[in-house]
Amino acid sequence: MPALPPNPPRPRPSGGTRAPRGSPRGVLQVDWPFFGELCRGLALKIFREYDPQLIIGIAKAGVIPGAVVASILQRDFASITITREAPGTAPAMIAGPSRLVTGKRILLVDETCESGSTMKLALAAVREFQPAEVKTAVSFRTGSYRPDFYALENENFIILPWDREVILDGEIVVRPDYAAKLRDLGE
C-alpha cells in the first residue's frame, strides 16, 4: 500500500470557519498506522469532553472507527444500519441497538462527514429510542456539517485502508473508482 502523501494535511483548529468545500485538492491515502493515530486522538478528545455509555458505528465504514474508539474508551459498542429509501419520511433503523439506547449517553460515529445527511438520518433513528443524550464523531470532517468531535478536518479525497481494495473477477484490486480518482488527480 502506498505511504501517506509527503505533506499530509495538518489538522485545523476546531473553532474556526472554513470556506465552502470545492473539488478535492488531492488524495489522502490513509494507512493503518495513521488511522490508529487518528482514532487515539479522537478518543482522547471524546474522553476529555463526554462520557458515552454506548458507542454506535454507522454501517458500513463508521463501524471501524467506532469500534476502535469504543475499545480505547472501554465502552460498549454496537452498529446501526439505516435506510433512506423513502424521501420525506423518517429514517428507519434496519438493524441497531434499539433497547440498548434508551436512557443512555450515546456517541454516534461515522468515518467522514460532509453534508451531514447520513449522520442526520442516524441521529433521527437513534433519537426515536429516547437516549439521555447523543453526540456525534467522525474521523474526517470534510464539509460544512459540524459533528461534535472529529479527528481531522480535510479537503482531500480520502482513501481509507479498509476500503481501498475490493474483489473483482476473483482478484483483489484497487477499487476502480479510487484508481480513477488517483489518475484524475495525478497521484
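The values are calculated or read from the model by the stated rules, or taken from the named source; none is laboratory data. Remember, predicted model here, so these are calculated numbers, not experimental data. Please note: Cβ atoms are built from the backbone with ideal geometry, for glycine as well, and neighbour counts cover all protein chains shown.
Here are a few things to note about the model shown:
- Residue within region 41-55 that is touching a strand residue (DSSP E or B) at 6+ places or on another chain (Cβ under 6 Å), charged (D, E, K, R), in a helix (DSSP H, G or I) and touching a residue at least 40 places away in the same chain (Cβ under 8 Å) present: yes
- Pick from region 103-133, criterion assigned to a strand (DSSP E or B) and within 10 Å of the chain's Cα centre (by Cα), ranking: farthest from ALA67 (Cα to Cα): CYS113
- If you go through region 101-116 and pick out every residue that is in contact with a helix residue (DSSP H, G or I) (Cβ under 7 Å, 6 or more places away or on another chain) and more than 9 Å from GLY143 (Cα to Cα), you end up with 7.
- Enumeration of residues in region 134-177 that are part of a loop (DSSP other than H, G, I, E, B), among the aromatic types (Phe, Trp, Tyr) and in the same structural domain as CYS39 (by TED's automatic domain parsing): TYR145
- In region 116-136, the condition of being touching an Asp or Glu at 6+ places or on another chain (Cβ under 6 Å), modelled with pLDDT of 95 or more, closer than 30 Å to PRO33 by Cα and of a type in the set (A, V, I, L, M) is met by no residue.
Here is a yes/no grid of residues against (1) modelled with pLDDT of 95 or more; (2) closer than 27 Å to LYS181 by Cβ; (3) within 18 Å of the chain's Cα centre (by Cα):
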| site | (1), (2), (3) |
| --- | --- |
| PRO6 | no, yes, no |
| ARG18 | no, yes, no |
| ARG21 | no, yes, yes |
| PRO33 | yes, yes, yes |
| LEU42 | yes, yes, yes |
